[in-house]
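Following: one structure in structure tokens, then a few remarks.
The values are calculated or read from the model by the stated rules, or taken from the named source; none is laboratory data. A quick note: this is a predicted structure, and the numbers were derived from the prediction, not measured. Here the Cβ is made from the backbone with ideal geometry for all residues, glycine too, and neighbour counts use every protein chain on show. For the accessible areas, the whole protein counts, side chains as well, though only heavy atoms, and no ligand, DNA or RNA atoms are used. Shrake-Rupley method; radii C 1.70, N 1.55, O 1.52, S 1.80 Å.
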Amino acid sequence: MINETLQVIKNRRSTRKFKPEQIKEEELEAILEAGIYAPSAHNDQPWNFTVIQNKELMEELNVESKEKCKDFPDELIRKMANNERFNIFYGAPTVIIVSGRDNAIMPQVDCAAATENMLLAAESLDIGGCWNGFVSFLFNSEKGDEYKEKLNIPRGYTPYYGVALGYKKVRVFNAPARKGNVVQYIK
């Protein structure tokens, strides 16, 4: 059984090559609205979205985030951080920072749901997206408060993720094989 929604879910892949042109305002608004309509524990809706379309600021976040990971214990993260050509946002023209209210019941889970809603909405509009956790290394560092203030993230909120958005330069259609034996039925 397949319908349009299920097809969008199956087609969504992380985009890591973007065209330089900016996405349309109405597309961005539709993507943000999808995030706002995500489920949340006790309907708390603890998210806050910071939209960045300033290239200089995105590059600053890229450089500072990588700086925080140059000695990271995980080898892959460390290699990416030390690669001058690597851009944590992959050159996307739009980045959304997803933050959650600290006193919410499950802010990180709720923000994850909002992030996935936005990625699915982007895919439905043929806009590429990539879920980004790399930027959180910066927000969790000694410079975190400075950048939260610079990005006007409200007090009492923690930035969890970034979402890179833009028109796809390359289309990826082949999904990696899905792991089996992950469902148990009790009837």
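Computed quantities for the displayed model
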read-out	value
Point-to-point label distance, Phe86-Gln45, nm (Cα→Cβ direction, 7 Å offset)	3.8
For region 128-187, alpha-carbon Rg over 2.2 N^0.38 Å	1.75
Taking the chain and dividing mean pair separation by its residue count, relative contact order in percent (alpha carbons under 8 Å, at least six apart)	35
Distance-filtered residues of region 93-133 - backbone nitrogen under 15 Å, label point 7 angstrom along Asn54 Cα→Cβ	94-97
At most 10 other Cβ within 10 Å, DSSP loop - chymotrypsin sites (Phe, Trp or Tyr not before Pro), region 114-187	Phe173, Tyr185
Principal axis dimensions, largest first and in whole angstrom, of region 11-54 by Cα	39, 26, 17
All lysines inside 30 Å of Lys168 as judged from Cα atoms, apart from same-chain residues fewer than 8 positions distant	Lys10, Lys17, Lys19, Lys24, Lys55, Lys66, Lys68, Lys70, Lys79, Lys148, Lys150, Lys179
Over region 1-96: Kirkwood hydrodynamic radius from C-alpha pairwise inverse distances, Å	16.2
Theoretical gain in end-to-end length, Glu29 to Leu151 [0.36 nm per residue, Cα-Cα removed]	42.0 nm
Per residue value of the accessible surface for region 110-187 (all protein chains in place, 1.4 Å probe), Å²	60
Inter-centroid distance (Cα atoms) of region 65-85 relative to region 91-110, Å	22
For the chain, alpha-carbon Rg and Dmax in angstrom	17.1, 56
Fraction of accessible area attributable to carbon and sulfur, the chain (%, probe 1.4 Å)	50
